[in-house]
Amino acid sequence: MIELLFALREYCLGAVRDLSLESKDRGELPAIKGYIGEIPGELETPRASDFPLLIFRLSGFEDPEDKPLSVLTARIIVGVYCQEESNDDKCSPGYHDLLNIMQRLRQALQRQKQMGGRWRRVGKIDGGPFDYQRYPYWFGDLIVQYDERQTTEELSVEEEIDTYGSAYGNDQTDSWRYPADTPDRTDDERSAF
């Protein structure tokens, strides 16, 4: 599961690599940073230098019993820091930057369904800006789901024979054995050895 988050991080940071964000109070902003799980450090309030950022989290998984694929749900949190109140536009600069990053990520995820050669995006891309913003921080998220092939059950040789029989051959073949649970229960192949 963590491998999916690392693959998403690498892909998403590449998608926003050339996105240029500027702020009157901070000038040209540094490149967008990507974190797995949370922002490192012990501070309750993130530092302005941590922004702009992407945080990648696994928000859940489902292993259906009757299907060969698991579904992993990842959440990508987008955060920007902006103290500007207005730039003579009708939209707050922080909100504008947040939407720019989210739009770039959304389009990149729509273009690339395969991730890391192991996962395939399924379903819709969900998310949006958070309803309540804590000035000067601006946050939103994108929620995506990926299929992952489930690990198959490993059976011992005895369990496999009990379940499926001894494979190829017939009752005239030297290595042939009937499954343990034959309908007439007259021959238990495990006792033949």
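The values are calculated or read from the model by the stated rules, or taken from the named source; none is laboratory data. What you see is a predicted model, and the numbers here were worked out from it, not measured in a lab. Every residue, glycine as well, gets a Cβ built from its backbone with ideal geometry; the counts of neighbours run over all protein chains shown. All accessible areas refer to the heavy atoms of the entire protein, side chains included, with ligands and DNA or RNA removed. Shrake-Rupley method; radii C 1.70, N 1.55, O 1.52, S 1.80 Å.
Tabulated data for the structure shown
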item	result
Pair list, Cβ < 7 Å and 6+ apart or interchain, from region 129-146 residues that are on the phi < 0 side of the Ramachandran plot to residues that are in a strand (DSSP E or B) and among the acidic types (Asp, Glu)	Ile143/Asp126
Tally, over region 114-151, of residues that are open to solvent by 70 Å² or more (accessible area, probe 1.4 Å), touching a Leu at 6+ places or on another chain (Cβ under 9 Å) and among the acidic types (Asp, Glu)	1
Of the criteria (1) in contact with a Lys or Arg (Cβ under 8 Å, 6 or more places away or on another chain); (2) modelled with pLDDT of 85 or more, which one Trp119 fails	(1)
Selected residue [open to solvent by less than 60 Å² (accessible area, probe 1.4 Å), assigned to a loop (DSSP other than H, G, I, E, B) and either among the acidic types (Asp, Glu) or at pLDDT 85 or above (or both)] from Glu84, Glu44, Glu65, Glu38	Glu84
Output for region 113-141, where each listed residue is closer than 19 Å to Leu58 by Cα and among the hydrophobic types (A, V, I, L, M, F, W, C)	Met115, Trp119, Val122, Ile125, Phe130, Phe139
Candidate set: region 49-62, residues that are open to solvent by less than 30 Å² (accessible area, probe 1.4 Å) and hydrophobic (A, V, I, L, M, F, W, C); chosen: the one farthest from Asp147 (Cα to Cα)	Phe51
